[in-house]
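Peer 1: Sharing a structure below in structure tokens format, with a few things to ask.
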Amino acid sequence: MILRKILTHSQFFFYRKQLIPPVVNFIRYKSSEVEKAQTASKDKQKTTVFDKIISKEIPADIIYEDDKCLAFNDVNPQAPVHFLVIPKQRIPMLDAIKEDDRDIMAELIVRAQKLAKERLPNGYRLVINNGKQGCQSVYHLHIHILGGRQLGWPPG
Ligand code: AMP
């Protein structure tokens, strides 16, 4: 192997030990998130984990709350800062928004911007995953806010 020729024996084993676990974890994470998205329910009546966070049935690391929306840190962060902004009313996905939802959508984006500006002065990204191929796993509309490191493009 070329890598083995360049590196000394001990360097090779050191880097192998350092590099392989994160790469394996990344691949595992990728496939599990995709799997979740493939099997996630789109049943609009079904209670999601986010409904339970809104009702405080289950705990979350809440960073902002008012009568219309809630923001909390993502339990499986993909960047040093990764939080979600969600509406309290049930909207399953971006595809489901209607003309009447203009105000709440504006509210969510303005809230995301306010919270992001406080924590991420060097830039950030807003993401809304929509549907199976969009990798949506929770069918309660949410905006991901990611930052705190140089983000790449294009996304996977
Ligand atoms: P998506 O794949 O766009 O539907 O994103 C759903 C997000 O919700 C993922 O990033 C999950 O890590 C996150 N998530 C799921 N359950 C929780 C929870 N209990 N608290 C915080 N974030 C969660």
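The values are calculated or read from the model by the stated rules, or taken from the named source; none is laboratory data. Everything quoted here is computed from the prediction, not taken from an experiment. No Cβ is skipped: glycine too gets one built from the backbone with ideal geometry, and neighbour counts run over all protein chains shown. Accessible surface areas use protein heavy atoms only, side chains included; no ligands, DNA or RNA. Shrake-Rupley method; radii C 1.70, N 1.55, O 1.52, S 1.80 Å.
Peer 1: Can you confirm whether residue 102 is under 20 Å from residue 67 (Cβ atoms) and away from the ligand (no atom under 16 Å from the Cβ)? Spell out how you get there, then give the answer.
Peer 2: Numbers: under 20 Å from residue 67 (Cβ atoms): yes; away from the ligand (no atom under 16 Å from the Cβ): yes.
For residue 102, the condition - under 20 Å from residue 67 (Cβ atoms) and away from the ligand (no atom under 16 Å from the Cβ) - is met.
Peer 1: Exactly one condition in (1) in a helix (DSSP H, G or I); (2) surrounded by 13 or more Cβ atoms within 10 Å (Cβ to Cβ) is false for residue 82; which is it?
Peer 2: (1)
Peer 1: Quick one: how many residues across segment 109-156 are touching a Leu at 6+ places or on another chain (Cβ under 6 Å) and either open to solvent by 50 Å² or more (accessible area, probe 1.4 Å) or away from the ligand (no atom under 15 Å from the Cβ) (or both)?
Peer 2: Residues in segment 109-156 being touching a Leu at 6+ places or on another chain (Cβ under 6 Å) and either open to solvent by 50 Å² or more (accessible area, probe 1.4 Å) or away from the ligand (no atom under 15 Å from the Cβ) (or both): 2 in total.
Peer 1: Okay, next question. Tell me the residue from 90, 125 that is of a type in the set (Lys, Arg) and in contact (Cβ under 8 Å) with a residue 40 or more places away in the chain, please. Spell out how you get there, then give the answer.
Peer 2: Values: 125 fails: in contact (Cβ under 8 Å) with a residue 40 or more places away in the chain.
Of the residues listed, the single one that is of a type in the set (Lys, Arg) and in contact (Cβ under 8 Å) with a residue 40 or more places away in the chain is 90.
Peer 1: So, in segment 115-149, of the ones that are in contact with a Gly (Cβ under 9 Å, 6 or more places away or on another chain) and assigned to a loop (DSSP other than H, G, I, E, B), which residue ends up nearest to residue 95 (Cα to Cα)?
Peer 2: Taking segment 115-149 as the starting set, the residues that turn out to be in contact with a Gly (Cβ under 9 Å, 6 or more places away or on another chain) are 116, 119-120, 122-125, 128, 135, 147.
Now drop any that are not assigned to a loop (DSSP other than H, G, I, E, B), which leaves 120, 122-123, 128, 135.
Numbers: 120: 28, 122: 31, 123: 27, 128: 11, 135: 14 Å.
Checking each candidate, the answer is 128.
Peer 1: Pick from segment 57-76 the residues that are in contact with a Pro (Cβ under 9 Å, 6 or more places away or on another chain) and more than 14 Å from the ligand (Cβ to nearest atom): which of them is most open to solvent (accessible area, probe 1.4 Å)? Steps first, answer last, please.
Peer 2: Filtering segment 57-76 for residues in contact with a Pro (Cβ under 9 Å, 6 or more places away or on another chain) gives 68-70.
In the following step, the residues that additionally are more than 14 Å from the ligand (Cβ to nearest atom) were identified as 68-69.
On the way: 68: 92, 69: 0 Å².
Filtering first and then ranking leaves 68.
Peer 1: So the check is Cβ under 6 Å with 6+ separation or different chains; which pairs have a first residue in segment 27-39 that's surrounded by 12 or more Cβ atoms within 10 Å (Cβ to Cβ) and a second one that's modelled with pLDDT under 65 and assigned to a helix (DSSP H, G or I)?
Peer 2: Here the result reads none, with nothing in segment 27-39 linked to a residue that is modelled with pLDDT under 65 and assigned to a helix (DSSP H, G or I).
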